1. Any idea which of (1) out of contact with any strand residue (DSSP E or B) (no Cβ under 9 Å at 6 or more places or on another chain); (2) free of Cβ contacts under 8 Å to residues at least 40 places away in the same chain; (3) under 19 Å from residue 65 (Cα atoms); (4) in a loop (DSSP other than H, G, I, E, B) is the one residue 121 doesn't satisfy?
2. Does residue 106 satisfy the criteria of being crowded, with 17+ Cβ neighbours inside 10 Å and assigned to a loop (DSSP other than H, G, I, E, B)?
3. Determine whether residue 128 is more than 23 Å from residue 35 (Cα to Cα), modelled with pLDDT of 90 or more and surrounded by 16 or more Cβ atoms within 10 Å (Cβ to Cβ).
4. Count, please, the residues in segment 109-122 that happen to be closer than 21 Å to residue 72 by Cα and either within 12 Å of the chain's Cα centre (by Cα) or crowded, with 17+ Cβ neighbours inside 10 Å (or both).
5. Looking only at residues that are within 12 Å of the chain's Cα centre (by Cα) and at pLDDT below 90 in segment 77-88, which one is farthest from residue 136 (Cα to Cα)?
6. Among the residues that make up segment 64-79, is at least one of them over 18 Å from residue 48 (Cβ atoms), in contact with a helix residue (DSSP H, G or I) (Cβ under 9 Å, 6 or more places away or on another chain) and outside any helix (DSSP H, G or I)?
7. Can you name every residue in segment 89-101 that is under 15 Å from residue 139 (Cβ atoms) and buried (at least 22 other Cβ atoms within 10 Å of the Cβ)?
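The values are calculated or read from the model by the stated rules, or taken from the named source; none is laboratory data. Bear in mind that the values here come from a model prediction, so they are computed numbers and not experimental data. Please note: Cβ atoms are built from the backbone with ideal geometry, for glycine as well, and neighbour counts cover all protein chains shown.
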C-alpha cells in the first residue's frame, strides 16, 4: 500500500523591506574588544548633542528628551513606544536596542516595525555608529 503526501511550497514575492536580521548578523554582534565609552564621557557630546537634540528635546519629549545626559539616560531606560518588550537602549544587546536598530534601518527582533530611520534622511557615519555600538556593548553607562 502506498501513501502520497502532497507537497506544498510557500514563497514570498520580492525582498522584505527593513529585514529582521538573524542572530549571526555582524550588525547585531558586539565586537570582541569594544572601546569603553560612556554617555557622559563622549556619547552625549559627540552624538546626541550634535545629531539628536534638535528634535529630541524638552519641547518634543514624547520622542525622548536627549538634550542632556541625565535626560538621555531617563529616556533610554523606559520602554520603547514601538514595543513594551523593548527599550530604546538595552545594555549589551544590540538586537534589542531600538536606537541601534533604527540607526541601521532594521526591524525589531520579532519583526516589529520601529518607525523611520534615525536620523531622518539617512544613516550616521561609521565613526558615530561605532561610538553607539561600543557604548551599548560596554553596558550603555
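1. Every condition holds for residue 121 apart from (3).
2. When the stated conditions are applied, residue 106 passes them.
3. The answer is no for residue 128.
4. 6
5. 82
6. Initial filter on segment 64-79 (over 18 Å from residue 48 (Cβ atoms)): 79.
Pick out the ones that are also in contact with a helix residue (DSSP H, G or I) (Cβ under 9 Å, 6 or more places away or on another chain) and you get none.
No.
7. Correct list: 89, 94, 97, 99, 100.
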